[in-house]
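What follows is a set of notes on a single structure, which appears directly below.
The values are calculated or read from the model by the stated rules, or taken from the named source; none is laboratory data. Everything numeric here is computed off the predicted structure, so don't read it as measured data. Here Cβ is always computed from backbone atoms with ideal geometry, including for glycine, and neighbour counts include all displayed protein chains. Side chains are part of the model used for accessible areas, which takes the heavy atoms of the whole protein and leaves out ligands, DNA and RNA. Shrake-Rupley method; radii C 1.70, N 1.55, O 1.52, S 1.80 Å.
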Amino acid sequence: MSWGTELWDQFDNLEKHTQWGIDTLEKCIKFVKERTEIELSYAKQLRNLSKKYQPKKNSKEEEEYKYTSCKAFISTLNEMNDYAGQHEVISENMASQIIVDLARYVQELKQERKSNFHDGRKAQQHIETCWKQLESARQQAQIRHQMAEDSKADYSSILQKFNHEQHEYYHTHIPNIFQKIQEMEERRIVRIGESMKTYAEVDRQVIPIIGKCLDGIVKAAESIDQKNDSQLVIEAYKSGFEPPGDIEFEDYTQPMKRTVSDNSLSNSRGEGKPDLKFGGKSKGKLWPFIKKNKGATPEDFSNLPPEQRRKKLQQKVDELSKEIQKEMDQRDAITKMKDVYLKNPQMGDPASLDHKLAEVSQNIEKLRLETQKFEAWLAEVEGRLPARSEQARRQSGLYDSQNPPTVNNCAQDRESSPDGSYTEEQSQESEVKVLATDFDDEFDDEEPLPAIGTCKALYTFEGQNEGTISVVEGETLYVIEEDKGDGWTRIRRNEDEEGYVPTSYVEVCLDKNAKDS
């Protein structure tokens with residue numbers, strides 16, 4: 001576990017994290033400083049309180065203090081004055097043992113951090129300069145190909161130098177610098193623990209009665225694990241990429257390319273694309289510190305590194321599951337309310353809840369389809385879904401957005417709600433859609449289906465999506481296919497007009513003879 005090997009491409013994130021660490025230290029200093037001010041203020045108020053109730057000299061009140069009870073009260077006032085002094089001791093010890101020491105350490109930590117990141121930027125600039133020299137030499141070799149021997153010699157020499165410098169950069173300079181930063185960060189974490197111990201011990205010296213509380217603070221400080229914190233930083237920022245390999249020496253007449261592994265940074269988004277050319281716009285993606293991609297985030301998070309993409313997709317699946325459960329709870333509540341209305345009509349009209357119940361059911365269906373889509377992407381990231389042919393994808397119900405089915409059916413539109421509020425977002429990346437395979441067979445029949453009954457529209461429905469049909473409240477139509485449990489019924493107005501409407505929007509009357517046949 002080393003930042004130098006696992007976080008080699010996270011320079012900016014390490015810079016932010018170490019600055020956060022310094023801010024945390026300064027917050028601790030501010031906390032202790034405010035505690036010392038409270039202690040001084042408390043001590044001052046205790047002294048004033050003790051002085052306020054002291055008897056005045058040569059007064060009648062002083063004569064009353066010959067009684068033992070009055071003497072005990074005076075002793076209590078004197079003890080409170082000494083008690084106030086102990087809080088002043090707490091303030092002085094915390095200021096000298098924590099505030100001054102930590103303030104000096106913060107200044108040293110800032111200087112050390114500045115030096116380490118200065119070395120890191122210097123190393124970045126150096127490797128970039130070496131890259132430009134290599135590219136220049138390559139261009140010279142192409143221009144001066146008539147003087148091939150001389151150009152090859154220069155090119156070979158600079159290539160060897162670049163490979164050496166690149167190897168030093170990724171395997172020596174950056175690992176060493178990041179190791180220093182890691183050690184600096186771990187020292188800071190340990191220092192916080194030590195300061196928290198001192199903070200507890202100062203209180204323990206003057207207030208023995210709260211020793212259990214101080215033991216708890218010490219236990220909390222000792223539970224700090226700098227190695228675990230370092231591992232958490234790796235899990236938060238690790239991209240999953242590997243450093244690029246050396247460049248092989250090639251003939252000057254051939255295009256130059258860098259040796260990369262399957263999951264290296266240079267090859268992460270380049271599948272199916274031509275080899276990288278020198279002097280082109282794509283050169284910026286070779287180095288994580290040259291350019292960063294800008295623009296809208298794809299829906300499948302394909303712009304992220306593999307590990308970060310997996311986390312985002314899992315988070316999205318969990319969020320959708322919670323939304324589905326919420327909608328299902330709402331549906332159960334409406335169903336129970338409808339049962340109450342049915343048993344007690346004076347409490348409300350049961351039919352008034354049908355529209356809301358249908359809307360909730362449609363929302364659940366939308367969320368389930370959305371969940372299946374993200375689960376498919378997540379499965380691909382985790383390596384559980386191998387590459388499949390289009391026939392295999394058709395059988396499994398998974399379709400690529402760039403290869404739509406040739407049969408014109410309404411299965412895709414039935415993923416959305418009747419009001420057309422849900423649409424599938426298209427992107428340049430291939431997206432996996434989950435289609436109901438039952439509908440594929442239903443639309444393969446060339447002859448129209450016979451009517452199996454009639455239905456009356458209870459509400460007006462605007463069929464804005466392909467595969468649906470608009471109906472008007474009170475209209476009577478033919479039923480050609482029952483609801484198969486998905487909340488939709490297939491109806492026909494005439495020979496040329498047929499489609500799906502929400503089952504909850506119509507009152508169906510089936511023909512017994514047709515149903516029996």
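Overview of values
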item	result
Failed criterion for residue 162 (all others in (1) in the same structural domain as residue 98 (by the TED database); (2) open to solvent by 60 Å² or more (accessible area, probe 1.4 Å) hold)	(2)
Residue satisfying condition, being touching a Pro at 6+ places or on another chain (Cβ under 7 Å), at pLDDT 80 or above and not hydroxyl-bearing (Ser, Thr, Tyr), within set 362, 372	362
Leading residue by the ranking (farthest from residue 487 (Cα to Cα)) among those in segment 324-358 that are touching a Pro at 6+ places or on another chain (Cβ under 9 Å) and charged (D, E, K, R)	339
Search result, residues across segment 1-59 that are part of a loop (DSSP other than H, G, I, E, B) and either at pLDDT 95 or above or in contact with a helix residue (DSSP H, G or I) (Cβ under 7 Å, 6 or more places away or on another chain) (or both)	1, 2, 7, 8, 9, 10, 53, 54, 55, 56
Odd one out for residue 43, checked against (1) free of Cβ contacts under 8 Å to residues at least 12 places away in the same chain; (2) touching a His at 6+ places or on another chain (Cβ under 9 Å)	(1)
Residue 163 within 46 Å of the chain's Cα centre (by Cα), under 30 Å from residue 248 (Cα atoms), in a helix (DSSP H, G or I) and not hydroxyl-bearing (Ser, Thr, Tyr)	yes
Index of the failed condition, residue 80 passing every other in (1) under 30 Å from residue 201 (Cα atoms); (2) modelled with pLDDT of 90 or more; (3) touching a helix residue (DSSP H, G or I) at 6+ places or on another chain (Cβ under 6 Å)	(2)
Filter result (among the β-branched types (Val, Ile, Thr) and either within 25 Å of residue 187 (Cα to Cα) or buried (at least 18 other Cβ atoms within 10 Å of the Cβ) (or both)) within segment 24-41	24, 29, 32, 36
Selected residue (criterion: surrounded by the fewest Cβ atoms within 10 Å (Cβ to Cβ)) from residues of segment 305-324 that are of a type in the set (Lys, Arg), in contact with a helix residue (DSSP H, G or I) (Cβ under 8 Å, 6 or more places away or on another chain) and over 19 Å from residue 364 (Cα atoms)	310
Residue among 16, 51, 44, 57 that is under 30 Å from residue 228 (Cα atoms) and open to solvent by 90 Å² or more (accessible area, probe 1.4 Å)	16
Only listed residue being out of contact with any Gly (no Cβ under 9 Å at 6 or more places or on another chain), crowded, with 16+ Cβ neighbours inside 10 Å and within 30 Å of residue 7 (Cα to Cα), chosen from 375, 327, 370, 359	375
Any hit, segment 382-396, residues being at pLDDT 85 or above and part of a helix (DSSP H, G or I)	no
Residue among 136, 75, 69, 151 that alone is touching a residue at least 40 places away in the same chain (Cβ under 8 Å), of a type outside the set (Lys, Arg) and more than 30 Å from residue 181 (Cα to Cα)	151
Matching residues, segment 166-193, being open to solvent by 60 Å² or more (accessible area, probe 1.4 Å) and acidic (Asp, Glu)	183
